[in-house]
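One structure below.
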Amino acid sequence: MKIIFIRHGDPDYVNDTLTEKGIREAKLLSDRTVNWPVTQFYCSPLGRAQKTASYTLEKAGREAVTHEWMKEFFYPVEDPVTGRVGVPWDFMPEYWTEIPQMYDKEGWKETDLYRSNPALLPAYAEVCEGIDDILASYGYRRHHNYYRNENHTDKSDKTNSTIVLFCHLGVICVMMSHLLGISPALLFHSLYLAPTSVTILGTEERRGNIAQFRAQVIGDTSHLARGGEPVSAAGYFTDVFQG
């Protein structure tokens, strides 16, 4: 099975839609995605993700399933260094890197920072449950820190399913942290996924029905390069390599 995460195009956050650049990006993306053998599309309810998905869905004659929990992971906390109140990432490295629990896939939940907003940890659990519910519908049920493929002897298309999720940088990091067993704090601060970038996780099933997710592609923007469209730096704090 393959999960393909796609971040929305260059955002107009004020109006929750895409900029003109974002529209160009989404159209170039649709040229890439239209011929993929996609079992099902899923989408965040937010406008910028819906707009990004619309070009692929219209071109492919498909519809997406929208899940509320796929919205951006916006559970504000106060940055202890800058005083900023906002998304639960973008913290200064001299702060978060000095907290050993931030590096632990379970320990981050015990930090004062992430416990300061009482809605944050339940929201994290909701996202994890949401992606697990989707995977279960294709026969992949979580067992401790890996999955069991209940269809491993079934030759149906479910075993080879490919699903595409149009959503947001933060919530993609949350889902990847759950699937790959990595602290989300590490992904929030160490991983940049550009607008309309493509990230692919696939299951390795080497023995029986035991399945482990492994990243094949992270943040690919080759469709933008082919179309002569620069990579957006939305959500990044340095120059983006163009090439």
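The values are calculated or read from the model by the stated rules, or taken from the named source; none is laboratory data. The model shown is predicted, which means the values in this text are computed figures rather than measured ones. Reconstructed Cβ throughout: ideal geometry from the backbone, glycine too, with neighbour counts over all protein chains shown. For the accessible areas, the whole protein counts, side chains as well, though only heavy atoms, and no ligand, DNA or RNA atoms are used. Shrake-Rupley method; radii C 1.70, N 1.55, O 1.52, S 1.80 Å.
Scan the stretch 222-235 residue by residue and report those that are over 16 Å from Ile23 (Cβ atoms) and surrounded by 14 or more Cβ atoms within 10 Å (Cβ to Cβ). Steps first, please.
From the stretch 222-235, those over 16 Å from Ile23 (Cβ atoms) are 222, 225-226, 233, 235; that's our starting set.
Listed by number, the residues that qualify are Ala225, Ala233, Gly235.
The condition (being under 18 Å from Ala215 (Cα atoms), among the hydroxyl-bearing types (Ser, Thr, Tyr) and under 21 Å from the mean Cα position of the chain (by Cα)) is satisfied by just one residue among Tyr138, Tyr146, Tyr75: Tyr146. For Lys155, the conditions (1) assigned to a strand (DSSP E or B); (2) at pLDDT below 95; (3) not β-branched (Val, Ile, Thr) are fulfilled apart from (1). Selection of the stretch 19-35 for residues being farther than 19 Å from Gly61 by Cα and open to solvent by less than 10 Å² (accessible area, probe 1.4 Å) yields Gly22, Glu25.
Every condition in (1) open to solvent by 50 Å² or more (accessible area, probe 1.4 Å); (2) within 27 Å of Ala225 (Cβ to Cβ); (3) of a type in the set (Val, Ile, Thr) holds for Val38 except the one numbered (1). With the condition kept exactly as written, say whether any residue in the stretch 163-179 is crowded, with 16+ Cβ neighbours inside 10 Å, of a type in the set (Val, Ile, Thr) and assigned to a strand (DSSP E or B). The answer is yes; a qualifying residue exists. Cβ-Cβ distances below 9 Å connect the following pairs, each with a first residue in the stretch 30-44 that is touching a residue at least 40 places away in the same chain (Cβ under 8 Å), a second residue that is open to solvent by 60 Å² or more (accessible area, probe 1.4 Å) and part of a strand (DSSP E or B), and a separation of six or more residues or different chains: Tyr42/Thr66; Cys43/Thr66; Ser44/Thr66.
Within the stretch 102-149, the set of residues being assigned to a strand (DSSP E or B), in contact (Cβ under 8 Å) with a residue 24 or more places away in the chain and open to solvent by less than 80 Å² (accessible area, probe 1.4 Å) comprises Tyr140, Tyr146, Tyr147, Asn149.
Between Thr82, Thr97, Thr66, the distinction of being among the polar types (S, T, N, Q) and surrounded by 16 or more Cβ atoms within 10 Å (Cβ to Cβ) belongs to Thr66 only.
In the stretch 180-217, the qualifying residues are those that are outside any loop (DSSP other than H, G, I, E, B) and open to solvent by less than 10 Å² (accessible area, probe 1.4 Å), and the one that is nearest to Thr33 (Cα to Cα) is Val198.
Only one of the listed residues (Leu193, Leu187, Leu169) is at pLDDT 95 or above, within 27 Å of Pro76 (Cα to Cα), out of contact with any strand residue (DSSP E or B) (no Cβ under 9 Å at 6 or more places or on another chain) and not aromatic (Phe, Trp, Tyr). That residue is Leu187. Among Ala26, Ala49, which is among the hydrophobic types (A, V, I, L, M, F, W, C), in contact with a His (Cβ under 7 Å, 6 or more places away or on another chain) and not in a loop (DSSP other than H, G, I, E, B)? None of the others qualify; the one that does is Ala49.
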